[in-house]
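Note sheet for the following structure.
The values are calculated or read from the model by the stated rules, or taken from the named source; none is laboratory data. From a predicted model like this one, the values you see are computed outputs, not experimental measurements. Note that we place each Cβ from the backbone using ideal geometry, even for glycine, and neighbour counts take in every protein chain shown. Quick note on the areas: whole protein, heavy atoms, side chains included, nothing else; ligands and nucleic acids left out. Shrake-Rupley method; radii C 1.70, N 1.55, O 1.52, S 1.80 Å.
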Amino acid sequence: MADYEKLVPSPTPDTQPFWDGLMAGKLVLQACADCGKVRHYPRPMCDACWSMNAKWIEASGFGKVHSWTVSHYAFHPGFKGDLPYVLVTVDLDEGVRMNAQVRGIAEADLRVGLLVKVGFDKVKDDLTLPVFEKA
């Protein structure tokens, strides 16, 4: 793979299963092991019952567009070649929201409620990023 010059995540013990899931071609989400509330982004404590017990569930990967933005400015030099690019906020079927770039959907075709599914963009040998595609 060519040199990847964009910023990359720094996984923590709380987020590592999310990144490992993406590498395996799966979207996994953290859920409270006590009350069952699904949460994203991964974090150590449930915001519903304050439990510190977590489990990981495989998500369907499907959702609906909640909102989007078109970036015309590269906040980091590594993103200059991608301009303009679209970021979407998606309401996943599991009840949480997630942000990611869009692949294969023209800006003119985006609309609130558009059905999308997660895709997997292997950008480095050890890094896969989520993207959203038309379902």
> Mind checking which pairs have a first residue in segment 37-65 that is farther than 16 Å from F18 by Cα and open to solvent by less than 50 Å² (accessible area, probe 1.4 Å) and a second that is among the β-branched types (V, I, T) and in a loop (DSSP other than H, G, I, E, B), Cβ under 7 Å, 6 or more apart or different chains?
Replying inline: V65/V112
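Scanning segment 12-42 for residues that are more than 15 Å from the chain's Cα centre (by Cα), charged (D, E, K, R) and closer than 17 Å to M98 by Cβ, which turns out modelled with the highest pLDDT? Lay out the reasoning, then the answer.
Filtering segment 12-42 for residues more than 15 Å from the chain's Cα centre (by Cα) gives 12-14, 31-37.
So of that shortlist, the ones also charged (D, E, K, R) come out as 14, 34, 37.
Now drop any that are not closer than 17 Å to M98 by Cβ, which leaves 14, 37.
Working: D14: 93, K37: 98.
Among residues in segment 12-42 that are more than 15 Å from the chain's Cα centre (by Cα), charged (D, E, K, R) and closer than 17 Å to M98 by Cβ, the one modelled with the highest pLDDT is K37.
Are any residues in segment 1-36 hydroxyl-bearing (S, T, Y) and without any contact (Cβ under 8 Å) to a residue 24 or more places away in the chain, and if so, which ones?
Restricting attention to segment 1-36, the residues satisfying the condition of being hydroxyl-bearing (S, T, Y) are 4, 10, 12, 15.
Within segment 1-36, S10, T12 qualify.
Regarding A106, is this residue in contact with a helix residue (DSSP H, G or I) (Cβ under 7 Å, 6 or more places away or on another chain) and modelled with pLDDT under 95? Walk me through how you get there before you give the answer.
Values: in contact with a helix residue (DSSP H, G or I) (Cβ under 7 Å, 6 or more places away or on another chain): no; modelled with pLDDT under 95: yes.
No.
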> How many residues does segment 80-129 hold that are assigned to a loop (DSSP other than H, G, I, E, B), open to solvent by 70 Å² or more (accessible area, probe 1.4 Å) and either free of Cβ contacts under 8 Å to residues at least 12 places away in the same chain or acidic (D, E) (or both)?
Replying inline: 3
